[in-house]
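Read through the structure below, which is laid out as structure tokens, and then see the notes.
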Amino acid sequence: MKKLLFVSFTVASLFFTGCAVSPFQAGLYTSNTRPTVDLEVESSASVNPSKKGEATCTNILGLVATGDCSIKEAMKNGGITKIHHVDYSNTNILGLINKGTFVVWGE
């Protein structure tokens, strides 16, 4: 019985390690957006946030990850040369599918 409990706990621990992307993570479904104040991005209040660029990555089962979710890619997608600020959006379904998106605002 102790062995089964240990194995179950170990498997569950490994399964949920990829869920620590957001401080507001739920077990069934999570969808939230927050500013990325922890990134070292040169931003300026004098820059007009008139353009928006997005870059997304997707992770399936913790086994397959695809996409380019870099800030540089988001700037390219939005035609942005000067950054006002950057947000991060996260969607997670049952810990099986996780989608992260950087949203860059600027001009």
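Candidates THR58, THR66, THR81: the one that is of a type in the set (Ser, Thr, Tyr) and either in contact with a Pro (Cβ under 8 Å, 6 or more places away or on another chain) or farther than 26 Å from LEU28 by Cα (or both) is THR81. The set of residues in the stretch 90-105 that are farther than 13 Å from ILE71 by Cα and touching a strand residue (DSSP E or B) at 6+ places or on another chain (Cβ under 6 Å) comprises ASN90, THR91, ASN92, ILE93, ILE97, ASN98, LYS99. It is to be established whether one or more residues within the stretch 60-71 are under 17 Å from SER50 (Cα atoms), assigned to a strand (DSSP E or B) and not aromatic (Phe, Trp, Tyr). No; the residues of the stretch 60-71 include none that is under 17 Å from SER50 (Cα atoms), assigned to a strand (DSSP E or B) and not aromatic (Phe, Trp, Tyr). Out of the residues in the stretch 28-40 that are under 16 Å from the mean Cα position of the chain (by Cα) and at pLDDT 60 or above, which is surrounded by the fewest Cβ atoms within 10 Å (Cβ to Cβ)? Only one residue fits best here, namely TYR29.
Yes/no per residue for (1) closer than 19 Å to ARG34 by Cβ; (2) surrounded by fewer than 18 Cβ atoms within 10 Å (Cβ to Cβ); (3) hydrophobic (A, V, I, L, M, F, W, C):
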position: LEU61; (1), (2), (3): no, yes, yes
position: ASP68; (1), (2), (3): no, yes, no
position: GLU73; (1), (2), (3): no, no, no
position: LYS76; (1), (2), (3): no, yes, no
position: THR81; (1), (2), (3): no, yes, no
position: HIS84; (1), (2), (3): yes, no, no
position: ASP87; (1), (2), (3): yes, yes, no
position: VAL103; (1), (2), (3): yes, no, yes
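Is the stretch 41-52 home to any residue that is out of contact with any Pro (no Cβ under 8 Å at 6 or more places or on another chain) and at pLDDT 90 or above? Yes.
The values are calculated or read from the model by the stated rules, or taken from the named source; none is laboratory data. Bear in mind that the values here come from a model prediction, so they are computed numbers and not experimental data. Ideal geometry is used to build each Cβ from the backbone, glycine not excepted, and the neighbour counts take in all protein chains shown.
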